1. Here are some conditions: (1) β-branched (Val, Ile, Thr); (2) crowded, with 18+ Cβ neighbours inside 10 Å; (3) out of contact with any helix residue (DSSP H, G or I) (no Cβ under 7 Å at 6 or more places or on another chain). Residue 141 meets all but one. Which one does it not meet?
2. If the Cβ limit is 7 Å and pairs must be 6+ apart or interchain, which residue in the stretch 13-39 that is under 23 Å from residue 50 (Cα atoms) pairs with which residue that is modelled with pLDDT under 85?
3. Restrict the check to the stretch 21-41 and report whether at least one residue is out of contact with any strand residue (DSSP E or B) (no Cβ under 9 Å at 6 or more places or on another chain) and buried (at least 18 other Cβ atoms within 10 Å of the Cβ).
4. Given (1) more than 16 Å from the chain's Cα centre (by Cα); (2) surrounded by 11 or more Cβ atoms within 10 Å (Cβ to Cβ); (3) among the hydrophobic types (A, V, I, L, M, F, W, C), where does residue 79 come up short, assuming only one miss?
5. From the set of residues in the stretch 83-106 that are part of a loop (DSSP other than H, G, I, E, B) and closer than 16 Å to residue 170 by Cβ, which is nearest to the chain's Cα centre (by Cα)?
6. It is to be established whether one or more residues within the stretch 111-121 are crowded, with 19+ Cβ neighbours inside 10 Å, at pLDDT 95 or above, part of a loop (DSSP other than H, G, I, E, B) and within 17 Å of the chain's Cα centre (by Cα).
7. Condition (residue is part of a helix (DSSP H, G or I) and at pLDDT below 90) applied to the stretch 5-23: is it met by at least one residue?
8. Please give the number of the condition residue 89 fails out of (1) outside the structural domain of residue 21 (by TED's automatic domain parsing); (2) closer than 25 Å to residue 32 by Cα; (3) not charged (D, E, K, R).
Amino acid sequence: MKRTLNGKRIDPVGHFWERFGQKEREWSIRWESEDGGALDELSAALRDVDDNLVCEVGERGEDGKRALVLSADGALGSFDSVIDLYEAAPALNYWNVIPFRPRIDSEEGVRISMEGLELEYDDIYFGFESEGETLDLTVHIRNFDAEDVRFFRAYCILLDTLIGEFDAAMRIGETKFERLDEAAAQDLRPLTELRELVDALE
């Protein structure tokens, strides 16, 4: 999407990478020494491209670069913005750019701590119906409270870590949530089995 400044058309994607190129070394260094200032600046720059865009930053890899994960935070309408940013990314000295939150392979599982709530894969079970290229889910969460938004937010993050943000948006259709009945859990599937089902879709 093009924007204007003083009557001139601006490419927000190009403008983002121009600014990032100027700040990439500074942001990488400040990431280790600050408590959010670099993230605030980077997040503001992303919102200039698309209000739904967010980012996550990983530790340095073997090549000495940090991972910069570009995310639409589950907003399907902003996926094109992530793709546009990724495809336009220049060669960077301090960062590796990754489109969408990737799957995380962890033998110990993943635990989300959010404002006093802790949720992990073992707390979630599901039933499903296949709708061609997507799955409709009924998700059963231990101690689930429909009035507590933390459960939905934590679940979405766990889903992204399990099947990746792209598949979470493209392969999961309607989702209903229920409180887990422990006695009925044996008739449901543990959340970790969802990855295999998603990968089997055409």
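1. For residue 141, the failing item is (3).
2. 38/31
3. There is no residue in the stretch 21-41 that is out of contact with any strand residue (DSSP E or B) (no Cβ under 9 Å at 6 or more places or on another chain) and buried (at least 18 other Cβ atoms within 10 Å of the Cβ).
4. Only one criterion in (1) more than 16 Å from the chain's Cα centre (by Cα); (2) surrounded by 11 or more Cβ atoms within 10 Å (Cβ to Cβ); (3) among the hydrophobic types (A, V, I, L, M, F, W, C) is unmet by residue 79, namely (1).
5. Initial filter on the stretch 83-106 (part of a loop (DSSP other than H, G, I, E, B)): 89-94, 100-106.
In the following step, the residues that additionally are closer than 16 Å to residue 170 by Cβ were identified as 100-103.
Working: 100: 6, 101: 4, 102: 7, 103: 9 Å.
Step by step, filter the stretch 83-106, then rank; the result is 101.
6. Looking through the stretch 111-121, none of the residues is crowded, with 19+ Cβ neighbours inside 10 Å, at pLDDT 95 or above, part of a loop (DSSP other than H, G, I, E, B) and within 17 Å of the chain's Cα centre (by Cα).
7. So in the stretch 5-23, the residues part of a helix (DSSP H, G or I) come out as 12-23.
If we keep only those that are at pLDDT below 90 as well, we get none.
No - not one qualifying residue is present in the stretch 5-23.
8. (1)
The values are calculated or read from the model by the stated rules, or taken from the named source; none is laboratory data. Source: prediction; values computed, not measured. A quick note on method: Cβ atoms are made from the backbone with ideal geometry, for glycine too, and the neighbour counts reach across all protein chains shown.
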